[in-house]
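Throughout, read-outs are computed from the coordinates displayed, never taken from laboratory work. What you see is a predicted model, and the numbers here were worked out from it, not measured in a lab. Positions of Cβ are generated from backbone atoms using ideal geometry, with glycine treated the same way; all protein chains shown enter the neighbour counts.
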Amino acid sequence: MSGTRAEVDLFAAIDPDWPPLDDVREGWQALDEDGRARVRRRLAAVLAEIELDDEANEAAVRGFLSFLAQVEPIAIDVPLQALADAEGEDARLHERQLADEVFHALLFAHLAERHGGLAEPIGAAEDLLAEIRAPEDLAHRAVLLNLIAEAWFETLFEHAAEWGLAD
Ligand SMILES: [Fe+2]
């Protein structure tokens, strides 16, 4: 299977015009073949296994998964930029982190497409993501990412567990 063919397959189920996908594509392009193979394997394994509750409110599930897919790509920015200047073991660490984040973003996007399609990105969330991306200094962006986005995600997953969506 050629890289181009695999890439088409991986992104084929996702609306190509959905704006947050641009960051995911950029992260994907920066991965080497090992990283891409890891993303493909994990995505295929999880998508084959995961089943959401049929009884759940479909509109709420669609909104929740779309929101996760919208905000997850912010985690791609830091390892992507760090990778550009890294060598040796540091480069391998950033590459692994980048592959993880590309996998997370693709997983949420695929799940949202399965559950009614990716909803329009939420403007207020885009504004907050822009604040995280704004500092020129990478370390500053990494701090904002960890303080704001990671806390944001933990809160979301706590709610998801309470709702029976993330057991
Ligand atoms: Fe992530």
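In table form, for the structure just shown:
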quantity	calculated
Protection proxy ranking of 151-162, 16-27 - average other beta-carbon atoms within 10 Å, highest first	16-27, 151-162
Centroid-to-centroid separation of region 103-166 and region 48-81 [C-alpha atoms, Å]	8 Å
Region 3-162 - percent relative contact order, Cα under 8 Å, separation 6 or more	31 percent
Rg over Rh, two decimals, region 3-162 (C-alpha only, Kirkwood Rh)	0.96
Segment Ala130-Asp85, extension gain: residue separation times 0.36 nm, minus the distance between their alpha carbons	13.9 nm
Charge context of His140, other residues only, Cβ under 15 angstrom, K/R +1, D/E -1	-2
Helical contribution to [θ] at 222 nm, DSSP H n ≥ 4, -39,500 (n - 2.57), averaged over the chain, rounded to 500	-23000 deg cm²/dmol
Within region 63-144, GluC sites (Glu not before Pro) in DSSP loop having at most 14 other beta-carbon neighbours inside 10 Å	Glu87, Glu136
